[in-house]
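S.K.: Dumping the structure here so I can ask a few things about it.
Here, each number is a calculation from the coordinates, and none is a lab measurement. These numbers come from a predicted model, not from an experiment. As a convention, Cβ positions derive from the backbone with ideal geometry for all residues, glycine included, and neighbour counts pool all protein chains shown.
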Amino acid sequence: MVGSGVPSDPLAPFLDRFVDIEPDLLYLDGNSLGRLPKATVERLRTVVEEEWGRGLVRSWEAWIDAPVRVGDLVGSIIGAAAGQVLCCDSTTVNLYKLVHAALDAFGPRPLVVSPDEFPTDRYVLEGVAAARGVPLVPEATGPSIVVRSHVDYRTGELAVVEPSEHVVIWDLSHSAGSVPVHLDEWGVRLAVGCTYKHLLGGPGAPAYLYVRSDLQEDLRSPIRGWFGRRDQFRMGAGYEPAAGVDRFLAGTPSILGLAAVEEGVRLVAEAGVDRIRAKGMALTSRLVELADEHLRPLGFEVASPRDPERRGAHVSLRHADALPISRALVEQAQVVPDFRPPDLLRIGLSPLTTRFEDVDEAVRRIAELVARGGHVGIDVSGRVT
Ligand SMILES: *Cc1c(COP(=O)(O)O)cnc(C)c1O
């Protein structure tokens with residue numbers, strides 16, 4: 001469909017590193033759940049059969065450092081030197097910990113979150129604001145604690161990280177592993193993110209948090225768990241935080257989850273974020289170009305930034321019937337995108353698993369389905385994703 005043909009793709013061999021899906025399936029939702037690396041299957045088999053099955057409690061010797069070790073590996077993807085990233089809990093819980101800790105360390109101040117922000121971020125801030133008696137506002141008017149996504153989950157818009165008078169907690173869920181992130185270089189103080197999107201950690205894999213090293217001494221987790229205590233196994237009276245970022249651990253970490261994150265992030269590191277970013281921009285540009293040509297006449301409009309530098313690795317197409325279209329694509333066309341209310345068809349183009357031909361074929365199938373009215377009369381009740 002594109003006159004220029006298919007560009008050369010140095011990342012093409014990486015597709016082979018993932019477990020196969022049906023040959024005809026176009027999986028365009030890797031920004032919601034990344035595909036399964038073959039190495040993860042092997043690793044989990046070893047952890048389950050050898051380490052858990054035979055090693056049993058003795059394996060804690062090797063497991064105990066996993067949140068810090070895997071955190072450092074995630075750090076290598078997001079530009080954080082060792083000792084500042086911890087892999088644990090969910091993004092939601094990590095955000096809760098950091099917002100409370102920031103309020104304690106920097107003093108009471110308004111919390112800021114946009115009404116367009118990812119729901120869990122808004123809900124957590126509503127709860128913390130109510131518990132701590134500080135205002136929650138959509139825009140900062142004075143020194144505040146701001147929570148903001150680096151890549152917007154709906155439009156894919158990429159934020160510019162600049163020095164700020166505010167304490168900004170960046171949510172990297174949609175950016176880590178898809179666009180370059182340089183936390184140390186950018187002077188970021190605090191960040192959180194999940195690992196099951198572009199970092200390939202699997203459903204419910206542990207998320208991560210980043211606390212810049214010079215702030216660690218002053219920030220304390222509101223959850224006083226035994227894994228975050230200094231000299232944990234002395235089982236002493238009272239809680240004292242551990243010295244480093246591991247003070248943000250709460251309870252026993254998910255060892256199976258951490259092993260899966262380690263394999264996923266290794267694969268991303270091997271491919272290299274710069275190459276992933278270059279292909280991501282080329283894939284999204286191809287989609288935007290084809291959407292203008294073939295989907296605009298069918299009522300679609302590109303809702304993502306048109307400049308590839310200003311967007312992440314997904315493109316959202318606005319259409320009044322986006323919900324029935326997304327469902328019909330799954331049921332009738334072997335295309336898996338997702339829908340984001342009220343009217344966005346979100347198309348994730350994970351650079352490690354999406355081929356340029358897949359973009360052409362997806363546009364062809366979307367156009368074909370909508371032109372023949374395949375989405376008309378589709379039951380849209382009870383849809384989960
Ligand atoms: C996916 C995502 C999350 C996920 O939160 P969990 O608690 O790990 O489920 C949070 N924030 C943003 C911006 C996301 O895109």
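S.K.: With a cut-off of 8 Å between alpha carbons and a minimum separation of six or more residues, what is the relative contact order of segment 86-160 in percent? Intermediate values should be presented prior to the final figure.
M.R.: Details: 88 pairs, mean separation 24.4, N = 75.
33 percent.
S.K.: Hey, another quick one. Could you sort 270-282, 147-159 so that the peptide with the highest average Cβ count within 10 Å comes first and the rest follow in order?
M.R.: In descending order of packing, they fall as 147-159, 270-282.
S.K.: Please find, in a Gaussian network model of the chain (springs between Cα atoms separated by less than 10 Å), the residue of Trp170, Trp226, Trp60 whose mean-square fluctuation is greatest.
M.R.: Greatest mean-square fluctuation among the candidates belongs to Trp60.
S.K.: If neighbour count is taken as other Cβ atoms inside 10 Å, put Leu25, Leu36, Leu183, Leu44 in order from fewest to most.
M.R.: Neighbour counts put them in this order, fewest first: Leu25, Leu44, Leu36, Leu183.
S.K.: Let me ask something else about it. Taking the Cα-to-Cβ direction at Phe233 and at Asp65 and moving 7 Å from each Cα, how far apart do the two end points lie in nm?
M.R.: 1.4
S.K.: Sort the following peptides by mean Cβ neighbour count (other Cβ atoms within 10 Å, averaged over residues), highest first: 13-24, 302-313, 184-195.
M.R.: Most protected by this proxy first, the peptides run 184-195, 302-313, 13-24.
S.K.: Which stretch or stretches of segment 186-227 have amide N atoms under 16 Å from the point lying 7 Å from Glu270's Cα along the Cα→Cβ direction?
M.R.: Correct set: 199-201.
S.K.: Enter the Cα centre distance for the pair segment 267-323 and segment 34-59, rounded to the nearest angstrom.
M.R.: 36
S.K.: Identify the residues of segment 343-378 with backbone N under 12 Å of a label point that sits 7 angstrom from the Cα of Arg327 along the Cα-to-Cβ direction, or state none.
M.R.: Those under the cut-off are 375-378.
S.K.: May I ask you to list the lysines whose Cα is less than 23 Å away from that of Lys38, ignoring any residue fewer than eight positions away on the same chain?
M.R.: Partners within reach: Lys197, Lys279.
S.K.: Could you identify which residue out of Tyr196, Tyr123, Tyr96 has the top mean-square fluctuation in a GNM of the chain using Cα springs shorter than 10 Å?
M.R.: With Cα springs under 10 Å in the chain, the top fluctuation among Tyr196, Tyr123, Tyr96 is at Tyr123.
S.K.: Sticking with this structure for a sec: So what is the calculated 222 nm ellipticity per residue for the chain, using -39500 (n - 2.57) for each DSSP H run with n of 4 or more, over all residues, to the nearest 500 deg cm²/dmol?
M.R.: Per the formula, -10000 deg cm²/dmol.
S.K.: Still on this model: Can you sort Leu295, Leu200, Leu317 by how many other beta carbons sit within 10 Å, fewest first?
M.R.: With the fewest neighbours first, Leu295, Leu200, Leu317 line up as Leu295, Leu317, Leu200.
S.K.: Given labels modelled 7 Å from the Cα in the Cβ direction, how far is it in nm from Glu301 to Asp343?
M.R.: 0.6
S.K.: A follow-up question, please. Kyte-Doolittle cut-off -0.5, length cut-off 18 Å along the helix's own axis using Cα: show which whole DSSP H helices in the chain pass.
M.R.: 91-106, 119-132, 255-271, 273-290, 356-371
S.K.: Quick one: if you stick a label point 7 Å off each Cα along the C-beta vector at Leu25 and Thr46, how many nm between them?
M.R.: Distance between the two pseudo-spin positions: 2.7 nm.
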